[in-house]
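The values are calculated or read from the model by the stated rules, or taken from the named source; none is laboratory data. What you see is a predicted model; the values in this text were computed from it and never measured. Cβ coordinates were reconstructed from backbone atoms using ideal geometry, including for glycine residues, and neighbour counts include every protein chain displayed.
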Amino acid sequence: MAIRIIIFEDNERLRNSLTYLLRSMPEYDVVGDYPNCREATSVTLALQPDVALMDIDMPGENGIKGVGMVKEARPETAVIMYTVFEDDEKLFQCLCAGANGYLLKKTPPDKLFEAIREVVDGGAPMSPSIARRVLNSFQQSKTENKYQLSTRELEVLQLLSKGFSAKVIAGELNISFETVRSHLKNIYPKLHVNCGKEAIAKALSERIV
């Protein structure tokens, strides 16, 4: 049975090209294509697609909002973001909204076809550069959590790593000098170091801040 696909893309030429390419293959069935996602909820409910290809930058509601609309209407529909944006903010907003995959528009057609099959099989297809961003973010988060530093302790450590004294840190964070000293006393044992210089060295070498 053919994979049912809907496309949300405001670039008419690209949208038509994608529709033509996918319809030329028997395993895909483009059941609808749209220049925006304003009606994403009703379209998803009516057409019951297996996969939605979703641009981000569209007139009206953007694709990040569109992901949520599709997922709310039909959670089992897999959404692949198909966009030019590579920045972390939009990437993680899309993933948090429920996107199942994230492909850049420079992705070759054969890789797009593979991604559609992969997402239907339960995978999470991503362009290589996007996958690296996700991995780097995960590794950074894992390092931070490894030492159980609080948000305020991370802020103090970050300023310390910039060479700020405890007095200057207090001014920057609008807290008392004694509070900064208290945070530093908590930070050192968590990092398994004995002084500020060792804390800075560890923070920079392990990219904690």
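For the reader, a short list of remarks on this structure follows.
- Boolean, residue 191 is of a type in the set (A, V, I, L, M) and at pLDDT 90 or above: yes
- Segment 38-49 residues that are touching a residue at least 12 places away in the same chain (Cβ under 8 Å) and on the phi < 0 side of the Ramachandran plot, paired with ones that are surrounded by 13 or more Cβ atoms within 10 Å (Cβ to Cβ) and of a type in the set (Phe, Trp, Tyr) (beta carbon under 9 Å, 6 or more apart): 40/8; 40/34; 43/8; 43/34
- Residue within segment 154-163 that is charged (D, E, K, R) and buried (at least 17 other Cβ atoms within 10 Å of the Cβ) present: yes
- Scanning segment 170-187 for residues that are among the hydroxyl-bearing types (Ser, Thr, Tyr) and either in a helix (DSSP H, G or I) or at positive phi (or both) yields a total of 2.
- Residue that is of a type in the set (A, V, I, L, M, F, W, C), under 19 Å from residue 118 (Cα atoms), in the same structural domain as residue 104 (by TED's automatic domain parsing) and not in a helix (DSSP H, G or I), where the choices are 25, 58: 25
- Of residues in segment 1-29 being over 16 Å from residue 47 (Cβ atoms) and hydroxyl-bearing (Ser, Thr, Tyr), the one surrounded by the most Cβ atoms within 10 Å (Cβ to Cβ): 17
- In segment 73-90, the residues that are closer than 17 Å to residue 5 by Cα and not assigned by TED's automatic domain parsing to the domain that holds residue 62 never reach a residue that is surrounded by fewer than 16 Cβ atoms within 10 Å (Cβ to Cβ) and modelled with pLDDT under 95 with C-beta atoms less than 8 angstrom apart, at least six apart or across chains.
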